[in-house]
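First the structure, in the form of structure tokens, and then the observations on it.
The values are calculated or read from the model by the stated rules, or taken from the named source; none is laboratory data. Everything numeric in this text was worked out from a predicted model, so none of it was measured. Ideal geometry is used to build each Cβ from the backbone, glycine not excepted, and the neighbour counts take in all protein chains shown.
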Amino acid sequence: MSVLAVGISHRSAPVSLLEEVTRGLGDTSGVLDEIKAGTVSEAVVLSTCNRVEVYADTDGFHAGVEAITDLLSRRSGVPLEELSKHLYVHWEAQAVRHVFQVASGLDSMVVGESQILGQLRRAYAASGESVGRTLHELFQTALRVGKRVHSETGIDEAGQSLVTVGLGHAIGAIGDLTGRSVLVVGAGSMGALAGTTLRRAGVGAVVVANRTAANAERLAATLEGRGVGLDALVDELVAADVVVTSTGATGLVVHRDVVAAAVERREGRPLVVLDLALPRDVEPSVRTLPGVTLVDLERLQAALADTEAGAGVEAARAVVTDEVGAFLSWQKASRVAPTVVALRSRADEVVDAELTRLASRLPELGDRERVEVEQSIRRVVQTLLHTPTVRVKELTESPVGLSYADALRELFGLDPAAVEAVTSVTVDES
């Protein structure tokens with residue numbers, strides 16, 4: 001069995017499509033039951049405002065992908081052909097790396113945010129009996145990796161530093177931000193962070209524009225501003241001094257012609273546009289318009305590379321790489337360990353049965369002699385088993401390591417049910 005991850009997120013799909021998939025999932029327990037009815041033995045569904053991901057333990061890559069994508073299509077009502085364009089798939093080592101990156105905040109819209117840890121923990125707990133040994137260990141490790149990254153690296157500063165450096169560019173272009181008018185395009189976590197940082201910098205009027213006006217109004221209320229829909233973009237671009245965009249959309253949101261229309265009405269006033277979105281929100285050619293300064297994520301990340309925040313992201317990636325290697329080593333060893341345990345249990349059964357038979361045939365044997373005989377038999381058996389069990393563990397690192405475990409099962413006639421029993425697990429919801 002191997003780990004499979006199939007998902008759709010703010011990086012791969014339009015917000016509208018992501019919302020359809022999220023709504024379609026509804027109660028994830030029903031989703032888990034449907035998935036497990038096929039080739040998938042374990043499953044966890046992670047559903048947040050920015051991503052929907054299904055983690056599964058399956059013995060077939062193609063069958064697992066087909067089962068999960070078909071289910072997401074049925075549940076959401078999105079045709080499979082359309083949905084497939086926006087799905088991403090990770091298998092085995094890449095699936096492990098992905099969930100560790102998610103837990104660490106490396107895959108978040110705001111790099112380094114820690115909210116995802118709680119969302120992962122709730123998804124894991126809600127999976128109940130759908131989690132077996134593989135995903136139990138995967139998610140327990142992912143949660144530990146996430147905590148380690150936040151405690152040992154400076155990744156928590158990455159999102160804040162991105163906004164701070166961006167505002168530095170804005171100050172360089174138009175001077176002091178005190179009292180300046182601000183337009184925030186996008187009502188997500190990065191928009192909230194940017195708006196809060198701007199408020200602390202002493203800006204004046206704040207307007208939040210979003211595809212869903214209600215979400216814009218909700219964020220605007222926390223920033224003591226007002227919310228509008230994207231249909232008001234031109235008018236708000238005319239009034240703003242600084243624009244910050246971070247919608248999470250997969251296509252352009254602020255086009256050149258829209259900004260050009262606003263520039264004609266600005267009477268030469270300079271405009272700074274900070275595009276913090278990935279992929280970008282603003283058409284790159286906007287920077288050629290008179291009076292417009294465009295600062296995008298590529299430029300900001302280059303500026304951050306040699307800072308403490310940039311070092312924190314790199315340190316976080318190094319932690320993830322280290323933990324992925326350790327998990328994969330454990331996974332290989334764990335596939336062999338049940339066979340070794342079952343073999344030793346089988347040996348103990350044979351010795352016990354032989355000692356019982358010996359006791360019935362030689363009732364006159366004294367306690368001292370009986371103990372000596374038992375110890376001798378057990379030493380012989382343990383000596384005979386030592387080399388093959390040690391070697392089969394060592395050989396797990398080779399490409400054919402698991403075939404040695406299969407050979408042990410066949411040679412000693414081990415009951416598959418006994419081997420499987422060793423892998424049972426109790427889900428920890430703490």
Only one of Leu80, Leu71 is in contact with a Ser or Thr (Cβ under 8 Å, 6 or more places away or on another chain), aliphatic (A, V, I, L, M) and not assigned by TED's automatic domain parsing to the domain that holds Gly251, namely Leu80
Condition set in a helix (DSSP H, G or I) and modelled with pLDDT of 85 or more, scope the stretch 286-303, selection surrounded by the fewest Cβ atoms within 10 Å (Cβ to Cβ): answer is Thr288
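Quick grid of which residues meet (1) under 21 Å from the mean Cα position of the chain (by Cα); (2) hydrophobic (A, V, I, L, M, F, W, C); (3) farther than 21 Å from Leu117 by Cα:
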residue: Glu20; (1), (2), (3): yes, no, yes
residue: Asp33; (1), (2), (3): no, no, yes
residue: Glu42; (1), (2), (3): yes, no, no
residue: Ser47; (1), (2), (3): yes, no, no
residue: Asn50; (1), (2), (3): yes, no, no
residue: Tyr55; (1), (2), (3): yes, no, no
residue: Thr58; (1), (2), (3): yes, no, yes
residue: Ser84; (1), (2), (3): yes, no, yes
When every residue in the stretch 25-83 that is in contact with a Lys or Arg (Cβ under 8 Å, 6 or more places away or on another chain) and of a type in the set (A, V, I, L, M) is compared, the one modelled with the highest pLDDT is Ala43
Of the residues in the stretch 260-285 that are more than 24 Å from Thr164 (Cα to Cα) and of a type in the set (A, V, I, L, M, F, W, C), the one that is surrounded by the fewest Cβ atoms within 10 Å (Cβ to Cβ) is Ala261
Verdict on Ser84 being under 20 Å from Gly248 (Cα atoms) and either surrounded by fewer than 22 Cβ atoms within 10 Å (Cβ to Cβ) or not aliphatic (A, V, I, L, M) (or both)
yes
Only unsatisfied item for Val145, checking (1) buried (at least 19 other Cβ atoms within 10 Å of the Cβ); (2) assigned by TED's automatic domain parsing to the domain that holds Leu297, is (2)
Among helices (runs of 4 or more DSSP H) completely within the stretch 14-114, the ones holding 2 or more residues that are under 26 Å from Gly132 (Cα atoms), of a type outside the set (A, V, I, L, M, F, W, C) and in contact (Cβ under 8 Å) with a residue 60 or more places away in the chain are 28-36, 61-76, 93-104
From the option list Arg368, Arg346, single residue qualifying as basic (Lys, Arg), in contact with a Gly (Cβ under 9 Å, 6 or more places away or on another chain) and assigned to a helix (DSSP H, G or I) is Arg346
Going residue by residue through the stretch 372-394, is there one that turns out to be modelled with pLDDT under 85, of a type in the set (S, T, N, Q) and under 30 Å from Phe139 (Cα atoms)?
yes
Original post:
Would it be correct to say that Ser9 is under 23 Å from Thr212 (Cβ atoms), assigned by TED's automatic domain parsing to the domain that holds Gln119 and of a type in the set (S, T, N, Q)?
Top reply: yes
The residue that is nearest to His10 (Cα to Cα), considering only those in the stretch 54-75 that are buried (at least 21 other Cβ atoms within 10 Å of the Cβ) and among the small types (Gly, Ala, Ser), is Ala56
